[in-house]
Amino acid sequence: MKTRTGINGLRSVDFGVPDLEAAARFYEDIWGLKAVSTTADRVYLRGTGPDFYILALHRHPEPRMLRIDLSIESRRHADTLHAQLVRAGLDVVMEPGTIADPGGGYGFSFRDPVEGRVFRVIADAARHADTADQADLPRKLSHIVLNSPDREARFFVEQLGFRVIDKTRTITFLNCNDDHHSLALYTSEVSSFNHLAFEMRDLNSVMSATANMVEHGEEIGWGVGRHGPCDNVFCYFIGPGGFTIEYTAEVEQVDETYKVGGPEDWKFRRGRRDQWGLALPSPRMRSADTEVPFSSALIGQ
């Protein structure tokens with residue numbers, strides 16, 4: 001499915017971390033990403049898929065969610081969206097231009113007018129040619145979930161072109177391509193980071209990568225399980241800096257015939273939070289998925 005604005009996926013995310021070196025070792029040596037560019041204060045990491053990088057780590061005094069990058073179909077779509085957001089009165093919109101980060105491309109950055117979170121849209125970025133799936137390694141970003149008081153997600157729907165694809169009692173799921181969702185808002189009194197999901201090849205890869213994490217002394221935050229909306233397999237961990245991260249696979253593919261569900265459609269038996277009911281979120285995860293705030297500062301372009 002396509003959006004009317006041309007936004008077609010979650011491209012990459014920028015984390016601010018106090019111990020850059022330790023975080024880079026974790027994501028490359030244990031989590032399964034690969035560094036494609038490193039400076040004194042930044043590390044850019046790719047999955048096995050074509051996106052030039054999917055996670056950027058920045059040296060920062062405290063853990064912060066710095067920016068979310070969305071892919072868009074073309075430069076023309078980027079220019080059109082930029083003009084639309086300017087007309088809508090966004091306070092800060094960086095002019096469209098060449099992206100200086102590794103992989104390049106063309107795009108612009110802005111703060112959303114509801115909660116001041118920093119987003120960037122990018123077209124025509126470089127892509128890797130060696131994209132064969134590899135067992136146990138993340139291929140791309142699947143989705144990001146944000147804690148937010150904004151239950152209706154009007155900015156994302158009306159200005160960015162996302163579609164509400166499902167709603168539970170606590171989560172609004174937003175769609176911009178064939179994946180069930182690329183973005184979701186978890187009902188909360190404050191705006192903060194909830195979690196970031198990395199897509200794996202299959203269920204076996206989720207299980208094997210989970211075992212590898214446990215063997216390295218990492219505690220499972222929640223899982224292994226299968227969600228209701230999206231029907232995806234999951235396992236959550238707490239990464240460096242307190243960022244909740246997820247291995248996921250078997251993400252439901254949707255088209256225009258998909259029946260949007262509401263809270264009454266997504267209920268589990270008492271005591272369950274997912275289809276399988278093998279585990280509940282740990283106390284550490286329940287606190288971690290609300291403790292990383294956003295930075296409102298623009299980084300780069």
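Given (1) in contact with a helix residue (DSSP H, G or I) (Cβ under 9 Å, 6 or more places away or on another chain); (2) surrounded by 13 or more Cβ atoms within 10 Å (Cβ to Cβ); (3) at pLDDT 95 or above, where does ASN232 come up short, assuming only one miss?
Against the list (1) in contact with a helix residue (DSSP H, G or I) (Cβ under 9 Å, 6 or more places away or on another chain); (2) surrounded by 13 or more Cβ atoms within 10 Å (Cβ to Cβ); (3) at pLDDT 95 or above, ASN232 comes up short only on (1).
Considering only region 157-200, how many residues are free of Cβ contacts under 8 Å to residues at least 24 places away in the same chain and more than 27 Å from GLY47 (Cβ to Cβ)? Break it down into steps so the answer makes sense when it comes.
Just the residues of region 157-200 that are free of Cβ contacts under 8 Å to residues at least 24 places away in the same chain, to begin with: 157-158, 170, 172, 174.
Imposing the further condition that a residue be more than 27 Å from GLY47 (Cβ to Cβ) reduces the set to 157-158, 170.
Number satisfying all stated conditions: 3.
Results for (1) more than 17 Å from the chain's Cα centre (by Cα); (2) surrounded by fewer than 17 Cβ atoms within 10 Å (Cβ to Cβ); (3) closer than 24 Å to PRO263 by Cβ; (4) among the hydroxyl-bearing types (Ser, Thr, Tyr), shown as yes or no for each residue.
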position: VAL121; (1), (2), (3), (4): no, no, no, no
position: HIS128; (1), (2), (3), (4): yes, yes, no, no
position: ILE144; (1), (2), (3), (4): no, no, yes, no
position: PHE156; (1), (2), (3), (4): no, no, yes, no
position: ASP178; (1), (2), (3), (4): no, yes, no, no
position: LEU185; (1), (2), (3), (4): no, no, yes, no
position: SER191; (1), (2), (3), (4): no, no, yes, yes
position: LEU196; (1), (2), (3), (4): no, no, no, no
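Residues checked against (1) at pLDDT below 95; (2) touching an Asp or Glu at 6+ places or on another chain (Cβ under 9 Å); (3) in the same structural domain as PRO229 (by TED's automatic domain parsing):
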residue: ILE144; (1), (2), (3): no, no, yes
residue: ASN147; (1), (2), (3): no, yes, yes
residue: ASP150; (1), (2), (3): yes, yes, yes
residue: PHE156; (1), (2), (3): no, yes, yes
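So that you can scan it fast, the table gives a plain yes or no per residue for (1) surrounded by fewer than 21 Cβ atoms within 10 Å (Cβ to Cβ); (2) not in a loop (DSSP other than H, G, I, E, B):
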{"site": "TRP222", "(1), (2)": "no, yes"}
{"site": "LYS259", "(1), (2)": "yes, no"}
{"site": "ALA279", "(1), (2)": "yes, no"}
{"site": "SER287", "(1), (2)": "yes, yes"}
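For region 2-19, enumerate the residues that are farther than 30 Å from ASP79 by Cβ and surrounded by fewer than 22 Cβ atoms within 10 Å (Cβ to Cβ). Full working, then the answer.
Within region 2-19, the first condition is being farther than 30 Å from ASP79 by Cβ, and the residues that meet it are 17-19.
Passing the criteria: PRO18, ASP19.
Given region 33-126, what strands (runs of 3 or more DSSP E) lie entirely inside it while holding 2 or more residues that are among the charged types (D, E, K, R) and in contact with a Lys or Arg (Cβ under 8 Å, 6 or more places away or on another chain)?
On the way: elements: 34-38, 42-46, 55-59, 64-72, 106-111, 118-123.
Because the criterion is at least 2 residues that are among the charged types (D, E, K, R) and in contact with a Lys or Arg (Cβ under 8 Å, 6 or more places away or on another chain), the strands (runs of 3 or more DSSP E) in region 33-126 that meet it are 42-46, 64-72.
Is it the case, given these coordinates, that ARG11 is part of a helix (DSSP H, G or I), among the basic types (Lys, Arg) and at pLDDT 95 or above? So that I can check it myself, show each step before the final result.
Values: part of a helix (DSSP H, G or I): no; among the basic types (Lys, Arg): yes; at pLDDT 95 or above: yes.
Against the criterion (part of a helix (DSSP H, G or I), among the basic types (Lys, Arg) and at pLDDT 95 or above), ARG11 does not qualify.
Of all residues in region 240-250, how many are buried (at least 21 other Cβ atoms within 10 Å of the Cβ) and either in contact with a Ser or Thr (Cβ under 7 Å, 6 or more places away or on another chain) or within 17 Å of LYS140 (Cα to Cα) (or both)?
Adding up the residues that qualify gives 6.
For the subset of region 83-102 comprising residues that are surrounded by fewer than 18 Cβ atoms within 10 Å (Cβ to Cβ) and either in contact with a Cys (Cβ under 7 Å, 6 or more places away or on another chain) or charged (D, E, K, R) (or both), which member is modelled with the lowest pLDDT?
Among those that are surrounded by fewer than 18 Cβ atoms within 10 Å (Cβ to Cβ) and either in contact with a Cys (Cβ under 7 Å, 6 or more places away or on another chain) or charged (D, E, K, R) (or both), it is ASP91.
Checking the condition in a loop (DSSP other than H, G, I, E, B), surrounded by 14 or more Cβ atoms within 10 Å (Cβ to Cβ) and of a type in the set (Asp, Glu), which residue from ASP274, ASP255 passes?
ASP274
Checking the condition among the small types (Gly, Ala, Ser), over 28 Å from VAL157 (Cβ atoms) and not assigned by TED's automatic domain parsing to the domain that holds GLU62, which residue from GLY271, GLY228 passes?
Numbers: GLY228 fails: over 28 Å from VAL157 (Cβ atoms).
Sole residue among the options that is among the small types (Gly, Ala, Ser), over 28 Å from VAL157 (Cβ atoms) and not assigned by TED's automatic domain parsing to the domain that holds GLU62: GLY271.
Going by the structure shown, is GLY105 surrounded by fewer than 21 Cβ atoms within 10 Å (Cβ to Cβ) and either at pLDDT 95 or above or closer than 15 Å to GLN84 by Cβ (or both)?
Against the criterion (surrounded by fewer than 21 Cβ atoms within 10 Å (Cβ to Cβ) and either at pLDDT 95 or above or closer than 15 Å to GLN84 by Cβ (or both)), GLY105 does not qualify.
The values are calculated or read from the model by the stated rules, or taken from the named source; none is laboratory data. Model, not experiment: these values are computed from the prediction. In this analysis, Cβ positions are derived from the backbone assuming ideal geometry, glycine residues included, and neighbour counts consider all displayed protein chains.
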